[in-house]
Amino acid sequence: MFNGSIIKISVIAASLLTCYASTVYAGVGGAVEAKEYVDFMAVLKFSLIFLAGLGAVFGLGLAFAAKRFSVKVDPRVEQVLDVLAHAHCGACGYAGCEQYAEAVVNNPDVSPNLCTPGGAKCAEAVAMITGKKAEMREPIFARIMCQGGWSRSTRRFKYEGVEDCRAAVLAGGGDKSCIYGCLGYGTCARVCPFGAITMNDDHLPVVDMTKCTGCRKCEAACPKKVIEVLPASKAVIVACHSKDKGVDVRKHCQVGCIACGKCVKVCPFDAPSISNNLSRINLDKCKVCSLCVSPCPTNAIVDLMPHRPKAFITDKCIGCQICSKVCPVNAPSGEPKKKHSIDAAKCIGCGICTAKCPVQAIDGTFNALEVFAAAAAKKKKVEAA
C-alpha cells in the first residue's frame, strides 16, 4: 500500500516539474488533456457575461416586484406636509406630521384643522388641498391645576437630587407634603417645544397663552398630573387636585380646595360638584361667569380671563325686568316697561343677563375667545414696542 502511494506522489511531482510537457494523460485508459497555461481574458469575458446576465435577471425580477407590489402615494400628502408646522408635537393625535398628512388625505373623517401650531392659515391650506371644510376650532391651552408654590406649601424633606420632577417623584413620591401638588422642578418647561412655559419665583409653571399650542407634551411629562389641556373659553377652574380631607389640605397647602361646597351653592348653572373631597367644574355647564371665584375661602378657584366686558342695555329694551331678577350683583335697574340701565361699577361681566334677555337688548356679550385674542394682540403689541 505504501509503495503505491509513493509511486503516485512521484508521478504528480514529476508532472509539475516538467513545465515543457505539452500534455499528460490521467485516468485508466483515459486521455484527458491538461494545458500548461490559463486564458485569463477568456475567463474574464465569461465572468462578465455571466454577471451581466445574472444582474439582468435580478433587475427584471425587482422591477416586476416593484410594479406588482407598489403602493401608490397621493401627491397631496407631500403638499399637505409642506404647509404643516413641522413641530412634531403630537397635538393632532398622530406620531408625527407625516402620519397626519397621510391620514388627513386618505381618511375623510380626519379634520384638516388638527395642526394647532399651524393655526388657522394652516387649516385653510390643508382644507384647500384635501377638498375638506376647515371648521373653526376652539384653541386649547395648558392649565396648571395647582397654586401651591414653595412659599404656600409645606415639604416633608429637603430634596437634593436631580432637579427634575420625574426624578424627584422617585424619592418617596416627592418632597411636597401634598402628594397631589406640583413639585416645581420645571420638567414641563423643559419639554415644551414652543417655550410657552416658564417657572416663576415660587417654583410654579406659568403658561404663556400666546405661545401655547395645546400639544399636551407638558401634560404627559408631569408625574403629578397637575397640568390639564382645556378649551380657551373655559377659564374658570379649580386649580387643585388634592383629594385629602379639608383638615389635611390646610396642613399641607394654603390654597388647596377644602371641599366646602360654597361654589356649588352660588353657581346658577350647577356646574361645580363635590366628589372625593374635591370640587370639580363641569365644563359643559360652566358659563364662565366667575361667581364661584370670590366665595372660595382658600382662593382655590381661579379666573384666568384677562378682563371681562361690561354689559349695557340698548334701545331694544322692553322693560321686562328679567335682567334685574337674574343679575347676581343687582347691576341692572329701571322701571317696568321702560328702558333699563346697568351700573358698570357693579357689573362683573358674567353674561347671565345677556343670555336671559328675551329680546337680546343687552350688548356686551361675553365671548372668551375674543377676550383672549384681544389680550394676546395687546401683549404682542407691547413686546414689539
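Nothing in this text is a laboratory measurement; each read-out follows from the coordinates by a stated rule. Everything numeric in this text was worked out from a predicted model, so none of it was measured. Cβ sites come from the backbone with ideal geometry, for glycine too, and all protein chains shown count toward neighbours.
Worth pointing out:
- Cβ-defined net charge surrounding Lys339, 10 Å radius [Lys, Arg +1; Asp, Glu -1]: +1
- Sum of side-chain charges, Arg152 neighbourhood, beta-carbon under 14 Å (Lys, Arg +1; Asp, Glu -1): +2
- Anisotropy class of the stretch 142-306 from Cα gyration tensor, a/c 1.5 cut: oblate
- Cα shape, the stretch 256-314, gyration tensor, a/c 1.5 rule: prolate
- Shape of the stretch 75-130, Cα gyration tensor, a/c cut at 1.5: rounded
- Cα-based radius of gyration of the stretch 137-212 once divided by 2.2 N^0.38 Å, which approximates compact folds: 1.16
- Share of alpha-carbon pairs per 5 Å distance bin for the stretch 312-365, given as whole %: 4, 24, 40, 25, 7
- Net charge of Cβ neighbours under 10 Å - reference Asn277; Lys, Arg +1; Asp, Glu -1: 0
- Label-to-label distance for Phe50 and Arg190 is 6.1 nm, based on points extended 7 Å past Cα in the beta-carbon direction.
- Rg/Rh, computed from the Cα trace of the stretch 211-256 with Rh as the Kirkwood radius, has the value 1.05.
- Candidate lysines for bridging to Lys346, where Cα separation is under 17 Å - those fewer than 8 sequence places away on the same chain excluded: Lys310, Lys325
- Positive-end residue, the stretch 75-130 charge dipole about Cα centroid, Cβ charges, pick of Ala120, Ala95, Pro75: Ala120
- The HN-Hα couplings worked out from phi for the stretch 58-63 by the Karplus form 6.51 cos²θ - 1.76 cosθ + 1.60 (θ = phi - 60°) are 5, x, 5, x, 5, 5 Hz, whole numbers, x standing for Gly and Pro.
- Karplus 3J(HN,Hα) series, Hz, for the stretch 170-183 with 6.51 cos²θ - 1.76 cosθ + 1.60 (x for Gly, Pro): 6, 8, x, x, x, 8, 7, 5, 7, 6, 9, x, 5, 7
- By average C-beta atoms within 10 angstrom, highest first, the peptides 120-132, 226-238: 226-238, 120-132
- Taking amide hydrogens as placed 1.01 Å from N in the peptide plane, the amide H of Tyr185 sits under 5 Å from those of Cys165, each at least 5 positions away in sequence or on another chain.
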